[in-house]
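Take this structure, written in structure tokens, and hold onto it; I'll ask about it next.
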Amino acid sequence: MLSVAEAQARILADLVPTGPELVSLAESWGRIAVADIAARLDNPPADMSAMDGYAVRAEDCAPGNVLSLVGEGPAGHPFPGRVGSGETVRLYTGSVVPQGADAILIQENARQDAERVTVAATPGVGQHIRRRGQDFARGEMVVPAGRALTARDIGLVAAANHAWVAVRRRPVVVILSTGDEIALPGDPIAPGGIANSNTPMLAALVRACGGEPVMLPAARDTAPDIARLAQGIETADLLLTVGGASVGRYDLVQQGLERIGLTVDFWKIAMRPGKPLMHGRIGRVPVLGLPGNPVAALVCGLIFALPAIRALAGHQERCLPEDRAILGGDLPENDRRADYLRATLSRVPDGSLVATAFDRQDSAMLHILASSQALILRPPFAPPARAGESCRVVRLDTLSI
Ligand SMILES: Nc1nc2c(c(=O)[nH]1)N[C@H]1C(S)=C(S)[C@@H](COP(=O)(O)OP(=O)(O)OC[C@H]3O[C@@H](n4cnc5c(N)ncnc54)[C@H](O)[C@@H]3O)O[C@H]1N2
Ligand code: MOO
């Protein structure tokens, strides 16, 4: 059986990011910039006043001096002339500083009487002037290719005078659950039936990774039905199947998809939950076969589908980051499968994070999964661990997934 790291590497090996599309800035949050974005103007576009006050020549501003007011230049209406010796121009925050002036006398330090302005305190040369291009200059790269755009980036790109931005298309991820027992949530459930939790849960995961989920109806446990539902998959970026991956007589995902050209790369990994994970391709479309037990589906989704979708979406950071915590309870020796234990997190007074595994780790228990704040990672053949020892965790509480 493959290790988790080998399986991740093989899944990620030949994934190509999606192509570009243009979106308006308001739609660009979280999207990946395709190319470097360069400023189309200087910011500020001219020397600007940072305060309400008067454009002056600092050398004219000994306390008690009287300057003659020759005009005003409100924001958006630059004063067309020059500030000569002994002169001043009324300005406001965001006004262009007229030629000849080299400082702003803030209005708190001046007294205006009709066309005469008396100086109360001397400004330093350049004081309260924002210099042209001091934030960024025309042609300067403000956002590098490959960056996931934040609200701050969007403000910057807008200030750089772009109305839209080229980002990577959201990868289309098709989700196909299988099983005769699967019913639509909310529908009447037949005897032996179960509500489909995996499809909506994985659709939410896909969205959170920057993908566009397509939820197919659940396939019956027959190879032809699985093949029928997956027809037309060529236009998708990734197929996620759920269930039907194990060794049971009705676990037919592989057989079904082989009818439409599936070639299998691997099937089975050394991981719990998630042993029967499958990876392959139908034509150019990568396929991940997730186990049907909902906890296994979600944990494999986080460890394998999330990095794949992020890679397709163009993210540079693919796998979830690991943190360290202190064990809140003893753990037994581990077998040959890497374990991902559902756990709560708390903090002890010195601020350290404490991870405590739930007693029940059944991979069908969604309530415990939803209550978990972390997964404790136990490598294959890990020796018994005592409370207070350090452990590796993947945090779920900070993920918003
Ligand atoms: N003899 C063996 N049996 C099993 C093995 C094994 O190695 N030998 N592996 C176990 C492991 S590990 C897992 S995980 C499961 C995975 O099985 P499948 O991927 O074939 O999943 P199913 O049999 O289709 O379903 C398992 C379980 O999950 C429920 N399920 C499936 N899909 C959904 C859904 N969309 N929403 C809600 N619940 C779903 C299904 O009803 C089953 O209860 O196999 C073990 N068996
Ligand atoms: O992947 Mo399975 O969840 O170990 O039962």
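No value in this document is a laboratory result; all are computed from the given coordinates. Computed from a prediction, not measured in an experiment: that's the story for all the values here. Positions of Cβ are backbone-derived with ideal geometry, glycine not excepted, and every protein chain shown enters the neighbour counts.
Chymotrypsin sites (Phe, Trp or Tyr not before Pro) within segment 219-287: which are DSSP loop residues with at most 15 other Cβ atoms inside 10 Å?
Passing both the DSSP loop test and the Cβ count: Tyr250.
Separate question: Amide H to amide H, which residues 5 or more places from Thr241 or on other chains are under 5 Å from it, using H placed in the peptide plane?
The list, which skips near neighbours in sequence, is Leu176, Leu288, Gly289, Leu290.
Moving on to the next point. Where both residues lie in the chain, what percent of DSSP beta bridges are antiparallel, nearest 5?
If we restrict to bridges inside the chain, about 70 percent are antiparallel.
Residue by residue through segment 265-277, what is 3J(HN,Hα) from phi via Karplus (6.51 cos²θ - 1.76 cosθ + 1.60, θ = phi - 60°)? Round to whole Hz and write x for glycine and proline.
For segment 265-277, the Karplus-derived couplings read 8, 8, 8, 4, 9, 8, 8, 9, x, x, 3, x, 6 Hz, x marking Gly and Pro.
Ok, one more. If r is the Cβ-Cβ distance from Arg228 to Arg82 and R0 is 51 Å, what FRET efficiency results, to the nearest 0.05?
After rounding to 0.05, the efficiency reads 0.05.
Hey, another quick one. Using R₀ = 41 Å, calculate the FRET efficiency as 1/(1 + (r/R₀)^6) where r is the Cβ-Cβ separation of Glu140 and Asp265; round to 0.05.
0.40
Right, something else. Suppose R0 equals 56 Å. What FRET efficiency, 1/(1 + (r/R0)^6) with r the Cβ-Cβ distance, do Arg111 and Arg147 give to the nearest 0.05?
0.65
At what distance in nm do the modelled label points of Thr235 and Asn161 sit from each other, each positioned 7 Å from its Cα along Cα→Cβ?
Reported label-point gap for Thr235 and Asn161 is 4.0 nm.
Label-point separation (nm) for Ala35 and Asp350, each offset 7 Å from Cα along Cα-to-Cβ?
With each label placed 7 Å out from Cα toward Cβ, I get 5.4 nm.
Let me ask something else about it. Explain nothing, just the number: relative contact order of the chain, from Cα pairs under 8 Å at least 6 residues apart, as a whole percent.
The normalised contact order for the chain reaches 15 percent.
From the phi angles alone, apply the Karplus equation (6.51, -1.76, 1.60; θ = phi - 60°) to segment 149-160 and give each ³J(HN,Hα) in whole Hz, x where the residue is Gly or Pro.
In residue order, the calculated couplings are 6, 9, 4, 5, 4, 5, x, 5, 5, 5, 4, 7 Hz.
Let me ask something else. List the residues, sorted by chain then number, that are 5 or more residues from Ala219 or on another chain and whose placed amide H is less than 5 Å from its amide H.
Excluding prolines and chain starts, which carry no amide H, the hits are Ser177, Thr178, Gly179.
Moving to a separate point now. Name the long-range amide H neighbours of Tyr250: under 5 Å, sequence gap of 5 or more, or other chain; modelled H, no Pro or chain starts.
Amide H neighbours of Tyr250: none.
Okay, next question. Can you tell me which of Leu184, Leu369, Leu290 moves the most in a GNM of the chain? Springs connect C-alpha atoms under 10 Å apart.
For the chain, modelled as a Gaussian network with Cα springs under 10 Å, the answer is Leu184.
Here is a follow-up. If I stretch the segment between Arg336 and His367 completely, what's the gain in nm (0.36 nm per residue apart, minus their alpha carbon distance), one decimal?
Contour length minus the Cα-Cα distance gives 8.5 nm.
On each of the three principal axes of the Cα atoms of segment 60-117, give max minus min coordinate, whole Å, ordered largest first.
Projected onto the principal axes, the Cα atoms of segment 60-117 cover 31, 22, 20 Å.
What distance in nm lies between label points placed 7 Å from Cα along the C-beta direction at Glu6 and Tyr92?
Here the answer is 7.0 nm between the modelled labels.
Pop out the Kirkwood hydrodynamic radius of segment 194-314 from its pairwise C-alpha distances, inverse of mean 1/r, in Å to one decimal.
About 14.2 Å for segment 194-314.
The chain: percent of C-alpha pairs farther apart than 35 Å?
Cα-Cα pairs of the chain separated by over 35 Å account for 49 percent.
Through the Karplus equation 6.51 cos²θ - 1.76 cosθ + 1.60, θ set to phi - 60°, convert the phi angles of segment 123-140 into ³J(HN,Hα) values in whole Hz; use x for Gly and Pro.
With the stated coefficients, segment 123-140 comes to x, x, 4, x, 5, 6, 10, 8, 6, 3, x, 6, 7, 7, 10, 3, x, 6 Hz.
Could you give the length gained on full extension between Asn65 and Leu399, defined as 0.36 nm per residue of separation minus the Cα-Cα distance, in nm?
Separation in residues times 0.36 nm, less the Cα-Cα distance, equals 114.1 nm.
How much space per residue, in cubic angstrom, does the convex hull of the C-alpha atoms of segment 323-395 take up?
Cα convex hull per residue, to the nearest whole number: 79 Å³.
Using the scaling law 2.2 N^0.38 Å as the reference, what is the normalised Cα Rg of segment 269-385?
Its radius of gyration relative to the 2.2 N^0.38 Å reference: 1.16.
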